[in-house]
Amino acid sequence: MQTDNHPLQAQIQSQALLEALPVAAWQKDLQARYVWVNPVYAQHLGLTVASLLGRSDEEVLPDWMCESIQLEEMSVFAGQQARWADLTLPKVEGVVKTLRCYRAGAYNDAGELNGILGFGIDVSNEKHLYKTLQTQIDSQSSWLRALQDHALISMMDRQGRFTYVSDQFGRLIGQPAKVLIGQSRAAYKLQPEGMQIGYYLTLAEQGTPVSLEYSGLRPDESPYWGRSLLIALKSAADTEQVFFELATDLTTEKMTANALNSVNDNLIELINKNTELIAQLEVAARTDPLTGLLNRRALYERARQEGDRAKRKKSPLSLIAMDIDHFKMINDQYGHETGDQALIMLARWCGEALRSTDLIARTGGEEFILLLPDTDLTQAIVIAERIRLAIQNNRVLIESNNTRFGYTVSQGVAMVGEQESVQDAMIRADRALYQAKAEGRNRVCQATS
């Protein structure tokens, strides 16, 4: 498939599909703020996409709407199953519309709830037709003639044989209405798979309208989905039981849901295929590419964590600021490749002198910070001196002429005070480093309070 070779293209196509959905769709974060909406949803609310993004319903919608929305979203956040719920929209030009909304939890690839996904279908016509139908039944008026040209309706006998079918109902399943008259509903499998239509007719006959969903293929192989409400009536002679059916075409709704599932599957596949790349990018964002040490950003994150840990456990935390002496002279005399080699070797020598719990980061060109948990000032000075001697007594190979050269480092040592942040201790260590340089380099200086 093309998406296997072009994951970014697949992502763009998925986004375009979401934007082009013929139904309302949206996504919120855990604070119930909109992070994405499509134009159809914004239009239903009488707003723009831009006016919704980053805002909650309380900021843009009437209070009476917010109460209904919050009740449904609380159920999703509480871990209940996704469900449908009708939302009455603000009146536009004197017309009240209803949006049938489906809300479900949105989860990241770790399985953690991170918001809500939703889409909505305009069911205003369906609700209006049902209300009209009930009014016509109550008044024993000519409701059938009023609806037959506009609604998906049928009538059947106790055996489930069609006695009347509207043209619109026939179009739903791809059959002319006149062909369906006298045919058994069961022959077209217009009930849930594995169920018999007689079961639903028996329930309706007990006086309660019965709802059922079904699906199938039209003669042209196109799929359809429908939902019907069955109501038991008496015939005109009041002797024979007949059943009235009001159907809703769910084809667009179901195809939209399937499209959303396909988009979600494509996004998951895209993420899975790029898991390794994401991991590599995360490592690159936290690592100095030359030495493999932590970079400044990663150091500050770990320093904050170690500082909190030290205060919580009341354990000492020390750090060393280190700088290569006369590093510019090394680059000028031996070349930048040799200077890079000096940095790489320093990282190796420091690693050999440190414990597994200690941290070292390259924070600048020739500047390094060492973070030493569970280490007081005296111990830190000993470690700094051991590193200074190790670097002083080693040599770096110049590969171009197979010769070696040595260099030294200056260091400033500080221990984080009880009421002091790690960043403030770094500033003191840095001052001690400059003191070491001022006093002649190749030495360790203790920071002052």
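The values are calculated or read from the model by the stated rules, or taken from the named source; none is laboratory data. Note that the structure is a prediction, hence the values are computed from the model and not measured. Here Cβ is always computed from backbone atoms with ideal geometry, including for glycine, and neighbour counts include all displayed protein chains.
So here's what we get for this one:
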read-out	value
The stretch 304-329, subset more than 12 Å from residue 422 (Cα to Cα) and touching an Asp or Glu at 6+ places or on another chain (Cβ under 8 Å), residue surrounded by the fewest Cβ atoms within 10 Å (Cβ to Cβ)	315
Subset of the stretch 401-422 [under 12 Å from residue 322 (Cα atoms) and of a type in the set (Ser, Thr, Tyr)]	408, 410
Residue in the stretch 58-112 that is surrounded by the fewest Cβ atoms within 10 Å (Cβ to Cβ), counting only those that are assigned to a loop (DSSP other than H, G, I, E, B) and of a type in the set (Asp, Glu)	93
Out of 399, 385, 337, sole residue that is farther than 30 Å from residue 285 by Cβ, surrounded by fewer than 13 Cβ atoms within 10 Å (Cβ to Cβ) and of a type in the set (D, E, K, R)	399
Of residues in the stretch 91-120 being over 18 Å from residue 74 (Cα atoms) and of a type in the set (Lys, Arg), the one nearest to the chain's Cα centre (by Cα)	97
Residue within the stretch 281-293 that is touching a residue at least 40 places away in the same chain (Cβ under 8 Å) and on the phi > 0 side of the Ramachandran plot present	yes
Residue in the stretch 222-243 that is among the basic types (Lys, Arg), farther than 28 Å from residue 125 by Cβ and at pLDDT 80 or above present	no
Test: residue 335 is at positive phi and either modelled with pLDDT under 95 or of a type outside the set (D, E, K, R) (or both)	yes
Failed item in (1) at pLDDT below 85; (2) over 16 Å from residue 226 (Cα atoms), with residue 183 passing the rest	(1)
Boolean, residue 65 is of a type outside the set (Asp, Glu) and closer than 25 Å to residue 22 by Cβ	yes
Residue within the stretch 365-373 that is touching a residue at least 60 places away in the same chain (Cβ under 8 Å) and under 30 Å from residue 400 (Cβ atoms) present	yes
Verdict on residue 265 being assigned to a helix (DSSP H, G or I) and at pLDDT below 90	yes
Any chance residue 290 is within 39 Å of the chain's Cα centre (by Cα) and buried (at least 17 other Cβ atoms within 10 Å of the Cβ)	no
Residue in the stretch 30-57 that is farthest from residue 97 (Cα to Cα), counting only those that are aliphatic (A, V, I, L, M) and loosely packed, with under 13 Cβ neighbours inside 10 Å	30
Among residues of the stretch 325-350, those that are assigned to a helix (DSSP H, G or I) and within 16 Å of residue 411 (Cα to Cα), counted	6
Enumerated strands (runs of 3 or more DSSP E) restricted to the stretch 368-449, each holding at least 3 residues that are within 16 Å of residue 345 (Cβ to Cβ) and in the same structural domain as residue 311 (by TED's automatic domain parsing)	396-398, 403-405
Qualifying residue in the stretch 286-299 (condition: of a type outside the set (A, V, I, L, M, F, W, C), out of contact with any Leu (no Cβ under 7 Å at 6 or more places or on another chain) and under 30 Å from residue 191 (Cβ atoms))	no
Residue satisfying condition, being free of Cβ contacts under 8 Å to residues at least 24 places away in the same chain, assigned by TED's automatic domain parsing to the domain that holds residue 130, of a type outside the set (D, E, K, R) and out of contact with any Pro (no Cβ under 6 Å at 6 or more places or on another chain), within set 241, 175, 159, 196	196
Subset tally (residues that are of a type in the set (Gly, Ala, Ser), surrounded by fewer than 21 Cβ atoms within 10 Å (Cβ to Cβ) and within 22 Å of residue 438 (Cβ to Cβ)) for the stretch 407-424	0
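The rows are residues; the columns are (1) closer than 25 Å to residue 220 by Cα; (2) modelled with pLDDT under 85.
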position: 149; (1), (2): yes, yes
position: 152; (1), (2): yes, no
position: 164; (1), (2): yes, no
position: 168; (1), (2): yes, no
position: 174; (1), (2): yes, no
position: 179; (1), (2): yes, no
position: 194; (1), (2): yes, yes
position: 201; (1), (2): no, no
